[in-house]
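Asks: Here it is, the structure, as structure tokens.
The values are calculated or read from the model by the stated rules, or taken from the named source; none is laboratory data. Because the structure is a prediction, the values reported are computed rather than measured. For neighbour counting, all protein chains shown are included, and Cβ atoms are generated from backbone atoms with ideal geometry for every residue, glycine included.
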Amino acid sequence: MRSVAVASLSIRDFRNLAKVDLDLGPGFNVLSGDNGQGKTNLLEAVYVLATSRSFRTARLDELVAAGAETSSVRGRVADSGDVREQSVGMRRGLRAARIDGKRPPSLAAYALNTPVVVFHPGSLALTAGGGAERRRLLDRIALYSSPASLEEASSYGQAMRARQRVLEKRGEAAGDLDGWEELMVRHGLAVSQGRGAAADLLIPAAERAFARIGPQGLSLSIRYQRGAPPDPEAFRAELTRRRVQDRARGSATMGPHRDELALSLGALGVRAMASQGQHRAVVLALELGEIDVITVTRGVRPVLLLDDVSSELDRARTASLLGALREERGQVLLTTTRPELIDAAGLSGVEGRMSFRVVRGEVWVTD
Ligand SMILES: Nc1ncnc2c1ncn2[C@@H]1O[C@H](COP(=O)(O)OP(=O)(O)OP(=O)(O)O)[C@@H](O)[C@H]1O
Ligand SMILES: [Mg+2]
């Protein structure tokens, strides 16, 4: 299997990291430090290096250190024996990504080279937020297994918006509605098929991960609920039947844009009923599941970034998460304000483990 790891980092004027030059280990890397020192910024820099994007913000200006004009993250990425040089430079809301000095065909192509999965406090929206977050997860996975699915989703969205405009401007008897609904059915079923396949891969992997890290006796069950009937005739008939309603509501009330990934713990729905720590455990399980799926579909173990995982997990949950990570074969970067928890879980002896301390934007190797 391909193994990919960020071997070194060279960061300039990225948030509070003025100048950081660092070698990382191929396995488990622990970054500890007090609040506000730059731990999350460092993970964010790694994420930017891998994907050219941030997991915290869509606004590139925020990434450039206050008072600086430009910011850059460079690094060597080890990929199954080869090493490539990657860099992302940022200036006034623009970015330039390079691999071995060359421009990639697109930023999406750039990001596909170095798969990375991140868990951070904002990830909690995955279980606590609306269905769009969970559809994005399925779409991300569908993209790995069938790259054409992105186009299907955008064609579906176009047809849906066009139908809505026609409904609202010209009413439910307009002649071209049939055509738009036909397109919604065709592309919508392709979207559902991609998501269904993604769900088939993700669900068992995430349920297994939860069994490893969640509390004993409580199991996570996940179900993909389609927002539209799987049969094209039934889908088309239902769209036609809902024209009056959809016109009045101002949006399509049925279709894959209403798909859900329903999550429950025992008999209770996660979104409304789970505790903070349970939310965290479910999000982690989904992300560990995503890693397994990427490993299987792309043949490469993604880099795993874990920001502040233990802050709302109890001692037992933290220990089981870390126990699961012991078996993790890829590169892991984990931040914590409490490195003693990591040691308590017996991770100090993990082969190839490296520890760093982050203090006021500077990073020191501690063992
Ligand atoms: N563009 C920027 N320029 C300069 N400093 C910034 C910029 N953006 C963020 N910072 C600062 O970087 C500091 C470190 O932030 P970071 O989120 O990495 O902290 P942390 O170590 O993860 O802390 P915590 O444990 O509280 O999560 C913060 O004080 C923040 O205000
Ligand atoms: Mg942080």
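Asks: Report, ordered by the first and then the second residue, all pairs with beta carbons closer than 8 Å, sequence separation of six or more or different chains, a first member in segment 32-45 that is under 9 Å from Phe356 (Cβ atoms), and a second member that is within 9 Å of ligand 2 (Cβ to nearest atom) and assigned to a helix (DSSP H, G or I).
Replies: Every condition considered, the pairs that remain are Ser32/Lys39; Gly33/Lys39.
Asks: Could you grab me the full set of residues in segment 88-115 that are closer than 20 Å to Val332 by Cα and among the small types (Gly, Ala, Ser)?
Replies: Ala111
Asks: Also, I was wondering about something else. For segment 154-190, how many residues meet the condition of being at pLDDT below 95 and crowded, with 22+ Cβ neighbours inside 10 Å?
Replies: So the count comes out to 0.
Asks: Among the helices (runs of 4 or more DSSP H) contained in segment 260-367, which hold 1 or more residues that are at pLDDT 90 or above and among the β-branched types (Val, Ile, Thr)?
Replies: Once the helices (runs of 4 or more DSSP H) in segment 260-367 are filtered for at least 1 residues that are at pLDDT 90 or above and among the β-branched types (Val, Ile, Thr), what remains is 270-273, 276-298.
Asks: Look through segment 82-109, keep the residues that are assigned to a loop (DSSP other than H, G, I, E, B) and of a type outside the set (D, E, K, R), and return whichever of them is nearest to ligand 1 (Cβ to nearest atom).
Replies: Filtering segment 82-109 for residues that are assigned to a loop (DSSP other than H, G, I, E, B) and of a type outside the set (D, E, K, R), the one nearest to ligand 1 (Cβ to nearest atom) comes out as Gly93.
Asks: For segment 65-93, what are the residues that are under 23 Å from the mean Cα position of the chain (by Cα) and either at pLDDT 95 or above or outside the structural domain of Val6 (by TED's automatic domain parsing) (or both)?
Replies: Across segment 65-93, the qualifying residues are Ser72, Val73, Arg74, Gly75, Arg76, Val77, Ala78, Gln86, Ser87, Val88, Gly89, Met90.
Asks: Among the residues of segment 110-138, write down those that are under 18 Å from Gly227 (Cα atoms) and either surrounded by fewer than 16 Cβ atoms within 10 Å (Cβ to Cβ) or in contact with a helix residue (DSSP H, G or I) (Cβ under 6 Å, 6 or more places away or on another chain) (or both).
Replies: Gly129, Gly130, Ala132, Glu133, Arg136, Leu138
Asks: Counting only residues that are surrounded by 21 or more Cβ atoms within 10 Å (Cβ to Cβ) and either among the charged types (D, E, K, R) or more than 16 Å from ligand 2 (Cβ to nearest atom) (or both), how many does segment 12-21 have?
Replies: Residues that pass the stated criteria total 1.
Asks: May I pose another question? What are the residues in segment 16-65 that are in contact with a Leu (Cβ under 7 Å, 6 or more places away or on another chain) and among the small types (Gly, Ala, Ser), if any?
Replies: Gly38, Ala45, Ser52, Ser54
Asks: For residues that are in a loop (DSSP other than H, G, I, E, B) and either more than 16 Å from ligand 2 (Cβ to nearest atom) or closer than 23 Å to Leu341 by Cα (or both), tally how many sit in segment 22-81.
Replies: So the count comes out to 21.
Asks: Going by the structure shown, is Leu261 hydrophobic (A, V, I, L, M, F, W, C), within 25 Å of the chain's Cα centre (by Cα), surrounded by 18 or more Cβ atoms within 10 Å (Cβ to Cβ) and within 16 Å of ligand 2 (Cβ to nearest atom)?
Replies: no
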